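See structure below.
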């Protein structure tokens, strides 16, 4: 089962947030939280909030155990931009773009250990040993 949590309109560029989300994708939840706690970036704090919210959603709404979850995907997509101007010399102006992002974290179950595949038997060897 997939559990998701979304933070919209976070005041950070999606490029900066993507650095952090790539680091935790595929990790178990406990390991991802410890990585985020010791990452000195603003994006790590924001992604940590979303991850904790997704874990709370899994425990309260879907009655799942947090120890059995992994970060299936963590995505930072661009949101709207605030466009401002900075006055410059001789009456001109420079644009300032204040970017926002939407951070989505999806948790999934740990992949089960696949049953060992049966050994393939070479048909020519099997016939030779049978004769």
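For this structure, a couple of remarks:
- Of the listed requirements (1) in contact with a helix residue (DSSP H, G or I) (Cβ under 8 Å, 6 or more places away or on another chain); (2) surrounded by fewer than 10 Cβ atoms within 10 Å (Cβ to Cβ); (3) modelled with pLDDT of 95 or more, residue 92 misses just one: (1).
- Filter result for the condition that a residue is modelled with pLDDT under 95, out of contact with any helix residue (DSSP H, G or I) (no Cβ under 9 Å at 6 or more places or on another chain) and under 23 Å from residue 45 (Cα atoms), over 118, 72, 114: 72
- Filter result for residue 64 (modelled with pLDDT under 95, surrounded by 13 or more Cβ atoms within 10 Å (Cβ to Cβ) and under 13 Å from the mean Cα position of the chain (by Cα)): no
- Within segment 37-51, the set of residues being free of Cβ contacts under 8 Å to residues at least 24 places away in the same chain and surrounded by fewer than 19 Cβ atoms within 10 Å (Cβ to Cβ) comprises 37, 38, 39, 40, 45.
The values are calculated or read from the model by the stated rules, or taken from the named source; none is laboratory data. On a predicted model such as this, the values are computed, not experimentally measured, just so you know. Please note: Cβ atoms are built from the backbone with ideal geometry, for glycine as well, and neighbour counts cover all protein chains shown.
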